[in-house]
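Chemist: Questions regarding the structure given below will be posed in turn.
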Amino acid sequence: MTLARHLLAHPRTPDLGTAALVQIAVSFPWLIPRSPDQAPATLAAYGLTTLTVLPLVWRRRAPLSVLLAVLCAQGLYGLAVDGPGQTLPYTSMVALYSVAALTPGPHRQVAGTLTMAVAVVSVVWRGRDDWLRELMFTLVVFCASYVFGRLTRTRQAYTRAVEERAAELERANRIEAEQAAARERARIAREMHDVLSHAVSIMIVQAEAGPVAVRTAPERAEAAFDAISETGREAMTQLRGMLGVLRDTPDGSPAPLAPQPGIEELPGLAERVGHNGPQVSHFSTGHPRPLSPALGATAYRIVQEALTNVVKHAGAQQVTVQLHYGDGQLTITVTDDGRGPATAPGAGHGLIGVRERAAAHDGSATAGPGPGGRGFRLTAVLVTSPSEVGS
């Protein structure tokens, strides 16, 4: 079985099979009894007939050379022996078909013209009474072989084009999937940055204030430690929610995910930041209305990043968070009375993330000095969908 599979997989096997079938076809005149007035079926004639078939073994490797060899062998058969004729010019048909299917245009046209010329000379030279009918039949047979070869080449070209197109689509789908995965990794990285940066900053502020409060106001120390634990627990909850998409539970089911924080959780965020930190005031103007989960989470993260930068860099005492619900947009403004942008170079990466989040909702974000050149102001504009536009 292994030897048989090896032989079937060999590239020369189809050509050997074709030559064998043609050899069987041209052998029938030697197997059928002949009348005395017909040409004898000698072994020499059969050997020359086999010689016309043998070049077909190389028909796909050198189709033009095979066609010339077949035509020469057939000419030698007609000149050297007066043996049995063939019902059809099998070897010439296969050779011409191979040329039409496998060779480029100029070579193919020259070979086709040469074959037709040889066919005309051969028929006329034999000088039979019905030579005209035989010539028409021979030309029709050769034309059919040539046309069939061209159709085969066209079908193969179409098949290759379809396969290349399918491979291109597969590559495009793979690239798109990789880009989607990269975007998702970038999103998770931004979320982790916001969560960890905010939580760690708040915990540091509370921890630094704790020893002072222990000596001067023990009740404030207790509140600071409570704020540290609450901030840590919230950070862990949000991290589990984000990283849960990257793993499954032991039984194979998706891990339970906590919802992303929304706009309604901003008061709690402001309260946590205000523990032993800058005093945070939060209010809304315009016509407050429900927002989509994605837009609400973006607004929350922008405010969270702004407050984190205030705690880490501004040294502010007062922070104001304002949400203005306008016509088709939500404007977020975070203003502090700290040292201002000139002394807060570390806030650059966070502001880049804020701009990216705003751009994801067709919005924008700007940052600069606060009113009168004092402090720092961050303004982000998010475009709301039609369903989120209130009256």
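The values are calculated or read from the model by the stated rules, or taken from the named source; none is laboratory data. Because the structure is a prediction, the values reported are computed rather than measured. Cβ coordinates were reconstructed from backbone atoms using ideal geometry, including for glycine residues, and neighbour counts include every protein chain displayed. Side chains are part of the model used for accessible areas, which takes the heavy atoms of the whole protein and leaves out ligands, DNA and RNA. Shrake-Rupley method; radii C 1.70, N 1.55, O 1.52, S 1.80 Å.
Chemist: Beta carbons within 10 angstrom, averaged per residue: use that to sort the peptides 94-105, 352-363, 14-25, 60-71, highest first.
Modeler: So the peptides 94-105, 352-363, 14-25, 60-71, ranked by packing, come out 94-105, 60-71, 352-363, 14-25.
Chemist: With every protein chain left in place, what is the accessible area of Ile263 in Å² (1.4 Å probe, nearest 10)?
Modeler: 30
Chemist: For Ile352 and Glu264, compute 0.36 nm times the residue count separating them, minus their Cα-Cα distance, and round to one decimal in nm.
Modeler: 29.2 nm
Chemist: Here is a further query. Between Thr366 and Ile204, take the C-beta separation as r, use R0 = 22 Å, and let me know the FRET efficiency to the nearest 0.05.
Modeler: 0.20
Chemist: Once the whole set of protein chains is in place, how much accessible area is left on Leu269, using a 1.4 Å probe, in Å² to the nearest 10?
Modeler: 0
Chemist: Once you have the Cα-Cα distance between Phe148 and Val162, take 0.36 nm times their residue separation minus that, and quote the gain in nm to one decimal.
Modeler: 2.9 nm
Chemist: Turning to a different aspect of this structure: Using the beta-carbon distance between Ser284 and Met192 and R0 = 30 Å, what value does 1/(1 + (r/R0)^6) give for FRET efficiency, to the nearest 0.05?
Modeler: 0.60
Chemist: Note the full-extension length gain between Phe28 and Ser229 as 0.36 nm times their separation in residues minus their Cα-Cα distance, in nm to one decimal.
Modeler: Full extension from Phe28 to Ser229 adds 62.5 nm.
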